[in-house]
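Take a look at the structure set out below.
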Amino acid sequence: MQNQVLTTLIPQLVKNGGKFFSFNYENKQGENATHTLQVASYEKALERDLTKLDSVQYEENETFDKATFDLAKEELRKSMEMALGKEKKTREFENRSNGQKDAYTSVPGAPGVAIHEDTKTIKLFCLARQKKVHKEGVYKKVNSAPKTVAKNKIKSKLTKWKRFTLSNVVNATMQGETIQLEQL
């Protein structure tokens, strides 16, 4: 299937860059859904999110207080600024960033498309626009720290980026044309 993705789907993504496409996807938790996505510039979206971050306001809740919210917001801002090169990168950020660079090889001419070096699976990183769930998945209960919950709440107000492993894709639709892919 990897060959089919490289020869069929990725050239279409490059040709139709910035346009919408959709595919059926089943994740590790068994959720099956149709996702509508858009290939777009991560840097431009980060710039927009950095501007939009100021407008995200604290909402009273039982999980985190305003001080925790403010700290989470500031850490997200700093992370975005480091990703954009506007802020000096911390050693932890550099290590995480280098780990990602070493793990993936970008596909030339296909923004947001990379191949994982160890597993050889194709990863697609793009904007999530719509999701229609056909079968619910089974998810473990997660007990996140208050600051993590605050960060997730803030992120929910910003651009929604998704990373997909294309070995789990059954078919894709772009410009009304369905591209059937075999599932591994």
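Would you check which residues across segment 121-165 are among the hydroxyl-bearing types (S, T, Y) and part of a helix (DSSP H, G or I) and list them? Working first, answer last.
Keep residues of segment 121-165 that are among the hydroxyl-bearing types (S, T, Y), which gives 121, 139, 144, 148, 156, 159, 165.
Within segment 121-165, just T148 meets the criteria.
Show the residue pairs meeting these rules: Cβ distance below 8 Å; 6+ apart or different chains; first residue within segment 49-63 and among the acidic types (D, E); second residue surrounded by 12 or more Cβ atoms within 10 Å (Cβ to Cβ) and modelled with pLDDT of 95 or more.
E59/K153
Which of the residues spanning segment 37-76 are assigned to a helix (DSSP H, G or I), among the small types (G, A, S) and under 23 Å from the mean Cα position of the chain (by Cα)?
A45, A72
I'm trying to understand the selection: among the residues of segment 32-62, which are farther than 18 Å from W161 by Cβ and loosely packed, with under 13 Cβ neighbours inside 10 Å?
D54, S55, Q57, E59, E60, N61, E62
Looking only at segment 1-36, how many residues end up being in a loop (DSSP other than H, G, I, E, B) and at pLDDT 80 or above?
5
The values are calculated or read from the model by the stated rules, or taken from the named source; none is laboratory data. On a predicted model such as this, the values are computed, not experimentally measured, just so you know. As a convention, Cβ positions derive from the backbone with ideal geometry for all residues, glycine included, and neighbour counts pool all protein chains shown.
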